[in-house]
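Every number in this text was worked out from the coordinates using simple rules, so none of it is lab data. Owing to the predicted nature of the structure, the values given are computational and were not obtained by experimental measurement. Neighbour counts run over all protein chains shown; Cβ positions are idealised from the backbone, glycine included.
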Amino acid sequence: MDSITTPLFLLLAVVLSGSLTRASPLPLPLPLVQIALGTVIALVADFRFELKPEIFFLLFLPPLLFLDGWRIPKEGLLRDKGTILELALGLVVFTVIGVGFFINWMIPAMPLTVAFALAAIVSPTDPIAVSAIAARVPIPKRLMHILEGESLLNDASGLVCMRFAVMAALTGSFSLIEAAGTFIWLAIGGIAIGVAVTLSVTGIKNWVSYRLGEETGSQILISLLIPFGAYLLAEHFHCSGILAAVSAGIAMSYAEQSGQALAVTRVRRTAVWDTVQFTANGIIFVLLGEQLPQIVAGAAQVVRETGHHEPAWLIIYIVAINAALAALRFLWVWVSLRFTLFRAARKGQPFQKPGWRLIAATSLAGVRGTITLAGILTLPLVLNDGSPFPARDLAILLAAGVIIVSLVAASLGLPVLLKGLELPPEPSHQADEDRARIAAAEAAIKAIERAQHDLGEGRSDADIYADAGARIMELYRQRIDSRSKTGDAAELLRKIDRIERELRLAGLQAERDTFYRLARSRTLSDDMTRRLVRELDLLEARFAAS
């Protein structure tokens with residue numbers, strides 16, 4: 001029964017974490033609350049949950065990386081590709097070398113290869129944690145896009161670097177030339193396999209759906225299996241499963257632009273993936289809290305072996321590593337920014353020199369989170385000769401401490417740095433949206449005219465089809481008219497749209513209350529109630545998001 005009750009308790013803790021975070025008067029990051037709940041579970045109910053690194057890695061990383069690649073805004077990724085690559089690749093290598101040597105110097109009992117592995121796994125950042133922290137002081141969109149792009153790529157680069165370091169620790173040898181060749185194979189092979197899996201699976205899926213019809217549940221399940229298939233296939237060919245999962249997600253975003261999936265499939269699939277993301281992220285942090293007492297005990301033993309008899313040295317190590325990470329990140333961001341400005345000046349492009357607060361905010365926003373935790377927990381338990389992996393508990397504790405301290409530092413510092421910060425205005429995409437809506441409305445009018453003609457041709461009641469088509473086309477013509485206006489007229493119409501949206505939402509709520517009242521009085525059947533309420537929910541989602 002323990003194998004069943006333990007996951008259920010972890011899921012319950014994830015559920016409670018959301019309510020506790022919303023109820024807290026302080027802007028606590030959700031991951032910190034989840035870590036605290038996991039620690040409470042460990043102290044109150046001793047489950048002794050044993051994590052198997054390879055299973056943990058397979059269960060949590062592929063879907064999270066796949067979803068990141070699927071949902072990341074491609075426009076921002078391409079626009080700031082230079083800055084993102086500098087942060088995601090250059091900063092990771094810079095961090096691994098600098099922090100790795102620093103950790104080994106500070107903690108001689110930790111071998112250099114393990115120190116490099118720890119430095120590699122604390123290099124990836126987590127924009128989800130940042131956005132949760134800065135909910136009350138929103139991060140500028142462009143900065144958030146850069147952080148998301150950096151996180152997407154440095155997840156892969158950091159985990160690949162960790163893999164090299166772990167292999168060196170297991171075998172006791174390291175060849176730079178061999179590592180470079182392996183890295184090229186890992187990267188190219190992983191990316192190619194991820195893209196191939198997504199395109200082949202979606203192609204077959206669309207072909208079957210076109211001929212046999214689409215079943216929503218199967219479509220959702222296929223999307224859930226793609227990242228695992230890409231990851232396992234890449235690992236089978238000794239490529240990077242991490243890069244395969246990321247590239248599979250990016251390919252998925254392009255494959256979905258064919259628009260062949262049913263609307264109900266997209267709505268339900270989005271809800272399922274939101275749940276998967278929330279659950280996976282939550283369980284990882286709850287597991288960290290649940291493992292924390294045991295990790296602290298093992299790490300304290302390693303600290304005593306270094307000659308420091310006080311476990312308080314653990315706190316000093318954690319703070320020192322965070323300081324080193326922050327200093328290296330600030331230095332890299334400053335140099336990268338100077339290089340970007342230099343290139344812009346040489347090309348004659350206009351630019352606005354950002355102040356130190358923006359650089360500090362970009363540095364402080366490098367919060368560590370899910371990927372760091374998932375990666376560090378996959379450190380092998382034993383070496384190739386069967387002896388325990390050196391300083392494993394200490395490495396896990398230090399990584400966990402880096403996550404917690406970076407979350408706290410960003411929680412306290414980001415609102416201060418971002419408050420009242422003047423930034424270059426974000427480019428408006430209102431004109432692009434208006435043109436797209438006008439083009440879509442014109443296409444809809446033409447399609448309705450054709451359908452109206454085909455349906456009413458040769459019928460004695462053709463005028464009914466003409467009246468119905470005219471009513472629908474009038475709505476599209478109103479949309480074209482409202483989106484074609486400029487200046488004060490456009491602003492007035494947008495204000496009318498906002499008022500109309502609020503009135504529609506009020507009406508939808510009244511309809512829903514009526515359906516539920518009729519269902520409670522047994523005037524309306526359960527099936528009919530669910531169908532009618534779902535229609536209202538879809539309409540409300542449309543108006544609430546517009």
Packing rank of 157-165, 491-499, where each peptide gets the mean count of other beta carbons within 10 Å, highest leading: 157-165, 491-499
Sorted on mean Cβ neighbours within 10 Å (highest first), peptides 441-450, 98-107 come out as 98-107, 441-450
What is the extension gain from residue 530 to residue 55, computed as 0.36 nm multiplied by their sequence separation minus the C-alpha to C-alpha distance, in nm to one decimal? 167.1 nm
Centre separation in Å (Cα based) which lies between the range 454-493 and the range 220-256: 44 Å
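When all alpha-carbon pairs of the range 435-518 are counted, what percent fall beyond 21 Å?
Tail of P(r) above 21 Å: 53 percent of Cα pairs.
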If you count, for each residue, the other Cβ atoms within 10 Å and average over each peptide, how do 381-392, 9-20 line up from highest to lowest? 9-20, 381-392
For residue 267 and residue 477, FRET efficiency with R0 = 35 Å and r from the beta-carbon atoms, rounded to 0.05? 0.80
Provide, as a two-decimal number, the C-alpha radius of gyration of the range 145-220 over 2.2 N^0.38 Å, N being how many residues it has. 1.65
Hull volume in cubic angstrom per residue (convex hull over the Cα atoms of the chain): 217 Å³
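Quick check: residue separation of residue 448 and residue 257 times 0.36 nm, minus the Cα distance between them. What number comes out in nm?
66.5 nm
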